[in-house]
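The values are calculated or read from the model by the stated rules, or taken from the named source; none is laboratory data. Because the structure is predicted, anything quoted here is derived from the model rather than measured. Don't worry about glycine lacking a Cβ; one is built from the backbone with ideal geometry, like all the others, and counts go over all protein chains shown. When the accessible area is computed, the model is the full protein with side chains, heavy atoms only, and any ligands, DNA or RNA have been set aside. Shrake-Rupley method; radii C 1.70, N 1.55, O 1.52, S 1.80 Å.
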Amino acid sequence: MQTKFEEMETWLRCVAIKNIKYPDRLYLLNALQQYSQISRDTLRQLRLTERQISQYNGFSAREITRAQRWITDKGQHFIHYNHPYYPESLKQCASPPLYLFASGNVELLGKVQLAIVGSRNCSYYGRYWAAKLSSDIACHNVVITSGLAVGIDAIAHRAALSSSGETIAVLGSGLGHIYPPENISLYKEIIDKGGLVVSEFPLGVPPIGVNFPRRNRIISGLSAGTLVVEASLRSGSLITARYALEQNRNVYALPGSLHSPSSAGCHWLIQQGGLLVREAGDIIEDLHSAHPSVLYPPLKSINFEQSDKVPLPFASLLANVGDEVTSVDVVAERAGQPVPETVIALLELELAGWIAAVPGGYVRLRRASHVRRSNVLV
């Protein structure tokens, strides 16, 4: 039998061999782990070609030594397909990674996870809802999983941590190359606060383009469902959603303005049967039916009859602030009142949490069933 270090070397070398079908590669790995010494004759007996033998032996000895030293540090793990911490959710996928490098709390791999992904160039609307949904869902014993990218990914990770929740980041590079550099501090915060960072790539692999679609299948494969917060029709987030559908996982989408290209991908997903999300409860209710560990308090609807009886300040004015940035002048003109009065009313609505001030004007944060636009659109 092999030692822990010999076992790691075997897995690293075997995965480097090309043109082997997945079941055959697993068979080869299981066979090789019975040998403490592996020679060319051993590999020939297992029916590898000379080219494949060269690929096995040609894997970087420096990378192997680096990995063996890396796992001696506290909190660093090498989790192969047969490891007790390897998640069953990944094994159910068509082409799961044969191993994962992991830094942090590996027990999170066995918990219910929700993938939250979206645009790198997100709007204020996307940032707000990514943070709110991530924070709310993380409070229900659900791990938030994403890709550590700038934009929606980073917001989802931070929001989960800020609510004392748990989060997993899946990288498109080796753990020796944290990418993007601006999120290195977030990477450290995730580990320090009991989260986990994983990668299927050897430590020295840099962040190259082809790695990120591969990374996306792990994000969706680890998770019970995937929520897309904001995505264009050509967004990589739709690749994650497609993987989720192929893996028979739930797909959720946050609707946005019909005029916003960054919500077009979400609207397409909803047309294809993705669940439209209005609040965290929509997802929690759906997850709880299959995963009882997900905490499920009574939902609070925003459309009860009594909501019509709740006094709402400046309802006619609020009706003229949309999901896209609306300037003060436009709001005043739509509402038919002077700009100074409009500014005062908007400030009160902002303090009450109905709208938010952003560069260029205001955007809507909350809705009520009794708010209707009654003035002519300008």
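Residues in segment 80-99 include at least one that is open to solvent by 10 Å² or more (accessible area, probe 1.4 Å), within 23 Å of Asp286 (Cβ to Cβ) and among the polar types (S, T, N, Q). Residues considered: Pro207, Pro202, Pro213. Of these, the only one that is closer than 22 Å to Gln92 by Cβ and in contact with a Gly (Cβ under 9 Å, 6 or more places away or on another chain) is Pro213.
On the stretch given as segment 268-278, residues that are of a type outside the set (Val, Ile, Thr), surrounded by 15 or more Cβ atoms within 10 Å (Cβ to Cβ) and under 18 Å from the mean Cα position of the chain (by Cα) total 3.
Just one residue in the set Ile116, Ile137 is assigned to a helix (DSSP H, G or I) and open to solvent by less than 10 Å² (accessible area, probe 1.4 Å); that residue is Ile137. The number of residues in segment 161-177 being without any contact (Cβ under 8 Å) to a residue 60 or more places away in the chain, within 28 Å of Pro96 (Cβ to Cβ) and either open to solvent by less than 10 Å² (accessible area, probe 1.4 Å) or not in a helix (DSSP H, G or I) (or both) comes to 8.
Among the residues of segment 223-242, the one identified as surrounded by fewer than 24 Cβ atoms within 10 Å (Cβ to Cβ) and within 20 Å of Tyr86 (Cβ to Cβ) is Ala224. Checked against the criterion of being free of Cβ contacts under 8 Å to residues at least 40 places away in the same chain and either of a type in the set (Gly, Ala, Ser) or under 18 Å from Glu189 (Cα atoms) (or both), the candidates Arg127, Arg120, Arg158 yield just one match: Arg158.
Here Lys132 does not qualify as open to solvent by 10 Å² or more (accessible area, probe 1.4 Å), under 25 Å from Ile64 (Cα atoms) and part of a helix (DSSP H, G or I). Within segment 201-237, the residues that satisfy the criterion of being in a helix (DSSP H, G or I) and more than 12 Å from the chain's Cα centre (by Cα) are Asn211, Phe212, Pro213, Arg214. The residue pairs whose first member lies in segment 178-192 and is exposed (fewer than 13 other Cβ atoms within 10 Å of the Cβ), whose second member is part of a loop (DSSP other than H, G, I, E, B), and whose beta carbons are closer than 8 Å, counting only pairs six or more residues apart or on different chains, are Glu182/Val150; Ile184/Ile178.
In segment 331-346, the qualifying residues are those that are open to solvent by less than 70 Å² (accessible area, probe 1.4 Å) and touching a residue at least 24 places away in the same chain (Cβ under 8 Å), and the one that is farthest from Arg364 (Cα to Cα) is Gly336.
Screening Asn121 with (1) open to solvent by 50 Å² or more (accessible area, probe 1.4 Å); (2) not in a loop (DSSP other than H, G, I, E, B) gives one miss only, at (2). If the condition is being touching a strand residue (DSSP E or B) at 6+ places or on another chain (Cβ under 8 Å), small (Gly, Ala, Ser) and open to solvent by less than 10 Å² (accessible area, probe 1.4 Å), then segment 193-222 contributes Gly195, Ser199, Ser220. Among the residues here, Lys18 does not qualify as part of a loop (DSSP other than H, G, I, E, B) and under 29 Å from the mean Cα position of the chain (by Cα).
Taking segment 59-103 as the range and being closer than 21 Å to Ile178 by Cβ, under 26 Å from the mean Cα position of the chain (by Cα), free of Cβ contacts under 8 Å to residues at least 60 places away in the same chain and not in a strand (DSSP E or B) as the test, only Lys74 passes. Residues in segment 104-122 that are in contact with a helix residue (DSSP H, G or I) (Cβ under 6 Å, 6 or more places away or on another chain) and among the small types (Gly, Ala, Ser): Gly104, Ala115, Gly118, Ser119. Kindly check whether there is at least one residue in segment 349-358 that is of a type in the set (Asp, Glu), more than 25 Å from Ser263 (Cα to Cα) and open to solvent by 60 Å² or more (accessible area, probe 1.4 Å). Among the residues of segment 349-358, not one is of a type in the set (Asp, Glu), more than 25 Å from Ser263 (Cα to Cα) and open to solvent by 60 Å² or more (accessible area, probe 1.4 Å), which makes the answer no. Evaluation of Leu245 against the conditions (1) surrounded by fewer than 24 Cβ atoms within 10 Å (Cβ to Cβ); (2) in contact (Cβ under 8 Å) with a residue 12 or more places away in the chain; (3) within 17 Å of the chain's Cα centre (by Cα) shows that the sole unmet condition is (2).
The condition of being touching a helix residue (DSSP H, G or I) at 6+ places or on another chain (Cβ under 9 Å), surrounded by 18 or more Cβ atoms within 10 Å (Cβ to Cβ), not in a helix (DSSP H, G or I) and not hydroxyl-bearing (Ser, Thr, Tyr) holds for only one of Gly265, Gly281, Gly256, that being Gly256.
Of the residues making up segment 8-58, those that are touching a residue at least 60 places away in the same chain (Cβ under 8 Å) and crowded, with 17+ Cβ neighbours inside 10 Å are Met8, Trp11, Leu12, Cys14, Val15, Leu29.
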